[in-house]
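What follows is a single structure, written as structure tokens, with notes after it.
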Amino acid sequence: IEGEDGKLYARLSGSGGFAAQKGRITLVAENSYTGNTTVEKGSGIVVANDKSLGRTKGLKNSGTVYLADYKVTVAGGTENSGTIDIGMGTFTTESYAGKADSVLKIEARVTKDKEEAGKFVVTGVATGTSSVDLSFTDDSVGRAVTGIDVAQLGAGSTLKLRLAEEIQIGDYNYLLMKTDDGTRYYLVGSSKDGAATMTRSP
């Protein structure tokens with residue numbers, strides 16, 4: 001399907017797949033299709049609810065997938081050479097392969113009394129390398145945090161995640177760290193005068 005910021009209202013069902021080939025398309029309906037989802041380079045899909053991707057058995061993304069803060073699940077594997085914009089939502093997939101130039105965009109919120117972030121979850125094995133493009137909500141403040149979970153990976157995963165750029169809010173730096181077994185990545189906030197050397201158990 002091709003579209004220029006168009007909206008697809010039709011409900012997608014059955015064993016067929018869905019392919020976005022040009023422009024950006026919003027999947028409005030609560031879908032139930034089980035085929036593969038393909039997002040080609042230069043195209044994008046926007047989910048409008050938790051079931052926009054139905055029960056797709058696989059996602060191959062070379063463009064951009066916009067979660068718009070929803071909780072989306074891929075029943076099968078995900079191959080990413082583009083951008084998955086998670087925002088404050090949750091993206092869950094059975095397996096994950098991060099290809100060259102792949103990006104996970106994640107938003108976080110740190111206020112005086114609360115800390116939270118979007119989350120990337122792989123229930124099985126995650127491999128490859130992806131860059132994490134982290135941003136903070138406008139109401140966020142700089143303060144120390146001991147760990148905000150942003151990624152949870154299955155046992156045996158070798159996926160390497162790295163921040164696209166250094167993040168600072170006021171007098172605080174935010175770093176992406178991982179547990180010793182490599183199954184969780186989390187954000188740590190520390191003052192510029194201190195070092196974030198803490199580790200976190202699984």
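Looking only at residues in the range 148-157 that are in contact with a Leu (Cβ under 7 Å, 6 or more places away or on another chain) and in a strand (DSSP E or B), the one that is nearest to SER191 (Cα to Cα) is ILE148. Pick from the range 139-157 the residues that are open to solvent by 20 Å² or more (accessible area, probe 1.4 Å) and within 15 Å of the chain's Cα centre (by Cα): which of them is farthest from SER62 (Cα to Cα)? Filtering first and then ranking leaves ASP149. Inspection of the range 41-55 finds no residue satisfying the criterion of being within 19 Å of LEU159 (Cβ to Cβ) and out of contact with any Ser or Thr (no Cβ under 6 Å at 6 or more places or on another chain). For the range 125-144, the condition holds for at least one residue, the condition being that it is at positive phi, at pLDDT 95 or above and not aliphatic (A, V, I, L, M). May I ask you to list the residues in the range 81-138 that are farther than 20 Å from LYS41 by Cα, open to solvent by 10 Å² or more (accessible area, probe 1.4 Å) and either free of Cβ contacts under 8 Å to residues at least 24 places away in the same chain or assigned to a loop (DSSP other than H, G, I, E, B) (or both)? Matches in the range 81-138: MET88, THR111, LYS112, ASP113, LYS114, THR123, GLY124, VAL125, THR137, ASP138.
Looking only at residues that are small (Gly, Ala, Ser) and surrounded by fewer than 15 Cβ atoms within 10 Å (Cβ to Cβ) in the range 1-58, which one is nearest to the chain's Cα centre (by Cα)? Among those that are small (Gly, Ala, Ser) and surrounded by fewer than 15 Cβ atoms within 10 Å (Cβ to Cβ), it is GLY42.
State all residues of the range 158-184 that are part of a loop (DSSP other than H, G, I, E, B), without any contact (Cβ under 8 Å) to a residue 40 or more places away in the chain and open to solvent by less than 70 Å² (accessible area, probe 1.4 Å); if no residue qualifies, say none. Correct list: GLY170, THR179, GLY182, THR183. Taken as a whole, the range 188-197 holds at least one residue that is at pLDDT below 95, within 19 Å of the chain's Cα centre (by Cα), aliphatic (A, V, I, L, M) and surrounded by 15 or more Cβ atoms within 10 Å (Cβ to Cβ). Among all residues of the range 29-43, there is none that is part of a strand (DSSP E or B) and closer than 18 Å to ILE106 by Cα.
When the residues of the range 59-76 are filtered to those that are more than 19 Å from SER32 (Cβ to Cβ) and at pLDDT 95 or above, the one that is most open to solvent (accessible area, probe 1.4 Å) is LYS60.
The values are calculated or read from the model by the stated rules, or taken from the named source; none is laboratory data. Everything numeric here is computed off the predicted structure, so don't read it as measured data. FYI the Cβ positions are ideal-geometry reconstructions off the backbone, even for glycines, and counts take in every protein chain you see. Note: areas computed on protein heavy atoms with side chains; ligands, DNA, RNA excluded. Shrake-Rupley method; radii C 1.70, N 1.55, O 1.52, S 1.80 Å.
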